[in-house]
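I have placed the structure first, in the form of structure tokens, so that the comments after it can refer back to it.
The values are calculated or read from the model by the stated rules, or taken from the named source; none is laboratory data. Predicted, not measured: the structure shown is a model, and the values here were computed from it. No Cβ is skipped: glycine too gets one built from the backbone with ideal geometry, and neighbour counts run over all protein chains shown.
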Amino acid sequence: MRSTAQEGPARRERRLLADALDAAGPDAPTLCEGWDARDLTAHLVIREGRPDAAVGILLPPLAFYERRLRDRAADVPFGRLVDRFRQGPPKYSPFALPGMEENANAVEFFVHHEDVRRTGTGAEPATSRPISRKSSGGG
């Protein structure tokens, strides 16, 4: 992974989200209704690591399949699950293709970081973190 001085918005959001998940712990509530931090982290890991899970995310009648994969991922010790997310997508994942990290993940990670960060703290929504390369001066 590039140094934090050179990281793009998606990598920065990945790092911030992983740090927030670590700090919150597995049982912390999130703003994702019905999900705690463990559920959210498992979702993020299978979203990138199991492209076949998309069928259950995109087609509600097949949601059971995504839920089954997420439940299996959640059985991993939480610290290891967060580390898997922090490392980024596996090489075989579509999310590992050039440009996919920034185009598909920056907003996803920003939103989920807010889901963790704002739960129960009364924290205001973030307004000053750029989530695109253009707004961050990256081109």
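Looking at the range 22-81 only, could you name the residues that are under 18 Å from residue 112 (Cα atoms) and of a type in the set (Val, Ile, Thr)?
Answer for the range 22-81, where residues must be under 18 Å from residue 112 (Cα atoms) and of a type in the set (Val, Ile, Thr): 30, 41, 45, 46, 57.
On the given criteria, is residue 47 over 17 Å from residue 20 (Cα atoms) and modelled with pLDDT of 90 or more?
yes
Restricting the search to the range 1-21, which residues are crowded, with 16+ Cβ neighbours inside 10 Å, modelled with pLDDT of 95 or more and among the charged types (D, E, K, R)?
Within the range 1-21, 14, 15 qualify.
Considering the range 65-91 alone, what residues qualify as being of a type in the set (D, E, K, R) and either closer than 24 Å to residue 27 by Cβ or in a helix (DSSP H, G or I) (or both)?
66, 67, 68, 70, 71, 72, 75, 80, 83, 84, 86
Got at least one residue in the range 103-111 being among the β-branched types (Val, Ile, Thr), crowded, with 17+ Cβ neighbours inside 10 Å and modelled with pLDDT under 95?
In the first step, residues of the range 103-111 are kept if they are among the β-branched types (Val, Ile, Thr); the result is 107, 111.
Adding the requirement that they be crowded, with 17+ Cβ neighbours inside 10 Å leaves none.
No, the conditions are met nowhere in the range 103-111.
Would you mind stating whether residue 58 is at pLDDT 95 or above, farther than 16 Å from residue 95 by Cα and of a type outside the set (Lys, Arg)?
Criteria not met by residue 58.
Under 6 Å between Cβ atoms, which residue pairs at least 6 apart in sequence (or on different chains) link something in the range 74-93 that is hydrophobic (A, V, I, L, M, F, W, C) with a partner that is assigned to a loop (DSSP other than H, G, I, E, B)?
Cβ pairs passing all conditions: 78/26.
Taking the options 62, 31, name whichever one is assigned to a loop (DSSP other than H, G, I, E, B) and surrounded by fewer than 17 Cβ atoms within 10 Å (Cβ to Cβ).
On the way: 62 fails: assigned to a loop (DSSP other than H, G, I, E, B).
Unique residue meeting the criteria: 31.
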